[in-house]
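Nothing in this text is a laboratory measurement; each read-out follows from the coordinates by a stated rule. Note that the coordinates shown come from a computational prediction; the quantities given were computed from them, not determined experimentally. In this analysis, Cβ positions are derived from the backbone assuming ideal geometry, glycine residues included, and neighbour counts consider all displayed protein chains.
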Amino acid sequence: MPSTLAAEPSAPSQGPLIALDMCCGCGALGLTLTKELGDEGIRVELTAADIEPAAVVCARENLAGVGGRVFQGDLFEAVPSDLLGRVDVLLANTPYVPSAEISWMPPEAREHEPRRALDGGADGLDVLRRIAAVAGEWLAPGGRLLVEESERQAPIAAEIMRAHGLAARIAECEEMGATVVIGTRA
């Protein structure tokens with residue numbers, strides 16, 4: 001997800017941008033956000049979380065250089081409560097593959113990744129539903145939830161966000177070939 005989407009319209013005028021990388025895996029999204037915004041003079045305070053122990057070990061190593069805190073656990077259960085209502089950018093790289101489609105994935109993915117890192121339930125959006133249901137409690141006013149989805153899933157993901165009180169829009173990044181659904185807290 002391009003850092004420009006995360007930083008719009010602008011970073012907080014006081015203090016660092018508070019970022020949470022949920023379902024962080026190795027921490028690539030949070031690291032990219034922190035470095036790219038840092039290059040623009042925006043300081044980022046990064047927290048990341050994942051349920052997979054191996055991912056947490058990797059993310060801790062990758063995010064150490066930018067001061068990122070990494071926690072292990074199931075979604076927000078892993079996140080320190082001091083972030084409630086303070087998160088400016090919530091990145092969520094949720095499992096998005098519909099359960100019935102996992103067998104169609106390339107062997108290097110389906111045989112070497114933990115199933116729960118891939119399996120998003122019947123329509124691939126189960127974990128997003130869980131995140132969207134409580135995102136408004138964690139986001140600061142004007143804070144954004146950003147989730148990359150397939151073109152097919154994006155309209156449904158936007159509706160899920162709207163159903164939980166977020167103003168949702170879909171952004172296409174042609175350069176990256178990505179579709180990002182952005183939900184903003186009022």
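Structural remarks
- Counted charge near T179, where neighbours are those whose Cβ lies closer than 14 Å (Asp, Glu -1; Lys, Arg +1): -4
- Here the simple spin-label model places points 7 Å from the Cα toward Cβ, and for R69 and R86 these points are separated by 0.7 nm.
- At R0 = 22 Å, FRET efficiency that the Cβ-Cβ distance of M176 and R130 yields, to 0.05: 0.30
- Projection of the Cα convex hull of the range 14-184, averaged over all directions and equal to a quarter of that hull's surface, yields 9.8 nm².
- Count Lys and Arg as plus one, Asp and Glu as minus one, and take only other residues whose Cβ is under 14 Å from that of A135; the net charge is then +3.
- The range 29-109 shape via C-alpha gyration tensor axes, a/c threshold 1.5: prolate
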